[in-house]
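I have placed the structure first, in the form of structure tokens, so that the comments after it can refer back to it.
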């Protein structure tokens, strides 16, 4: 349904801008002793609520990204440790994605990658969200998942 809506809006030549609304909350995950930060709201998947989260190393010089389940309390890393550039929230109201959706993004920490500084973030769009990478050099969001309803 959301793909059809997006296709209609793009074909109509509309510039779509979503307002964060209630999706603007973000904070430390329920297990802060792991140094894990999650943008909220979580996304509803076939496995229940899930967040793309950031874990900081004990020394605070590195970060890695992965999926966090508030149901199990488990964090599953999806990247290796990367050099931390900025230890703060990445929250922008209108970011263009590579498929031309313009919507808010939220994530935690900026890291150094071979393609420049980046952050693994969640993009929110009218009650849905998806995970991907925001590149600070290109100012683009690169989606890595389908859309899921927010929980």
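Derivation of every value follows stated rules applied to the coordinates shown; laboratory data play no part. Please read all numbers here as calculations on a predicted model, not as lab measurements. Reconstructed Cβ throughout: ideal geometry from the backbone, glycine too, with neighbour counts over all protein chains shown.
Name the residues in region 94-149 that are in contact with a helix residue (DSSP H, G or I) (Cβ under 6 Å, 6 or more places away or on another chain) and under 23 Å from residue 63 (Cβ atoms), would you?
124
Among all residue pairs at least 6 apart or on different chains, which show Cβ distances below 6 Å where the first residue, located in region 73-102, is farther than 20 Å from residue 123 by Cα and the second is outside any strand (DSSP E or B)?
As it stands, the answer is 73/31; 84/61, since those pairs meet every condition given.
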